[in-house]
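Nothing in this text is a laboratory measurement; each read-out follows from the coordinates by a stated rule. Worth saying up front: this structure is predicted, and the values here are computed from it rather than measured. No Cβ is skipped: glycine too gets one built from the backbone with ideal geometry, and neighbour counts run over all protein chains shown.
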Amino acid sequence: MDQDYSKTNQKSRARAQSGTETTNAQVIEINDGQSATINSARSRAGAGIEINKVLRNTYMLLSMTLLFSGLTASISMALNMPPMTYLISVIGGMVIAMFVLPRFANSPAGIGIVFLVTGLLGFGLGPMLSMYASLPNGGNIIMLALGGTGVIFMGLSAYVLATRKDFSFLGGFLMVGFLLVLVAAVANIFLQMPVMSLMISSVVILIMSGFILYDTSRIIHGGETNYILATIGLYMTIFNIFISLLQLLGIMGGDD
Amino acid sequence: MDWMQIVAALALIMFIIILFPRARYMLENSPKGSSSDWMSFLIPVIAIILFVMLLIQLV
């Protein structure tokens, strides 16, 4: 009886052990599935952290370059630079941004080049700001353009970050729109029509607003992983919005 | 017409020539947006138009 009992016990223990082995095998299989899920979640989290890092670095560099531009614009105003400074600085800044910066975008030298470009563009703004400041309502126009640019940029950035919407479909539309505006701007150099200037400034504000949506969306969806290039893209949109808003408010304020 | 206007026109024409291939590439390769995508673009655009009109009123 005792022997029978012990045999039964041994059998049941063996069954239990084999059951345990089966359960262990299942656990291992489940663990394999879980580890795959965990690995996938980790890689997603890693990508998310990387995107947040790009976004944070972009906004940090952007704020520093904007402050630096403000400083160079103040220096340019203090030195009372001639109007041609704007043209030379913008052409110089654009040429460096288009041809030199992409070569150094992955090296620390790229940060220096971003400051060179933004400093140059800020320095070019000096004569224009001096001209507006000399108007009876000039100080108000400059402050409104500055505040308006800040509100537009922050509002659109917050919109993209809150909705997480992908605006990559806007790329072709915005580039073609921008080219058409450049063609209109060339025509207006010869035509000198104030109404056309007004229209160009208005359309530039809308197109640059579209570029803020497009660029920010590219950063948060991993389309732009280089914060130096992301910064210069966003800086150019802010610069263009500020200039266009200044012209628009200047024309509507009766300076033309 | 002074030299600054000529230089500005030449610079703009240069930018158009440089940007044209990129614009064509982006136009051909951009994903197509649905009507809801375009609506999500139009909403902030309308908000900006209204905001700029408000700024003009404040001048």
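Between residue A:60 and residue A:134, the simple spin-label model (points 7 angstrom out along Cα→Cβ) gives 4.2 nm. For the pair residue B:39 and residue B:17 in one chain, pulling the backbone fully straight at 0.36 nm per residue adds 4.7 nm over the alpha carbon distance. As a length-normalised measure over Cα pairs under 8 Å and 6 or more apart, the relative contact order of the stretch A:132-244 settles at 35 percent. Backbone geometry of the stretch A:189-195 corresponds, through the Karplus equation with coefficients 6.51, -1.76 and 1.60 at θ = phi - 60°, to 3J(HN,Hα) couplings of 4, 8, 7, 6, 9, x, 5 Hz, x marking Gly and Pro. The modelled label-to-label distance for the pair residue A:88/residue B:4, using points 7 Å beyond Cα in the direction of Cβ, is 1.2 nm. Computed over Cα pairs, the Kirkwood radius of the stretch A:79-167 leads via Stokes-Einstein (1.567 mPa s, 4 °C) to a diffusion coefficient of 84 µm² per second. Shown in residue order for the stretch A:96-109 are the 3J(HN,Hα) couplings computed by the Karplus curve 6.51 cos²θ - 1.76 cosθ + 1.60 at θ = phi - 60°: 5, 5, 8, 10, 9, 4, x, 6, 10, 5, 9, 10, x, 4 Hz (x for Gly and Pro).
Principal axis analysis of the Cα atoms in the stretch B:3-58 yields extents of 42, 41, 7 Å, listed in decreasing size.
Model label points for residue B:57 and residue A:107, set 7 angstrom from Cα along the Cα-to-Cβ axis, are 5.3 nm apart. Expressed in Å, the radius of gyration and Dmax of the Cα atoms of the stretch A:119-186 are 16.6, 44. Of the chymotrypsin sites (Phe, Trp or Tyr not before Pro) found in chain B, not one falls in a DSSP loop while having at most 16 other beta-carbon atoms within 10 Å.
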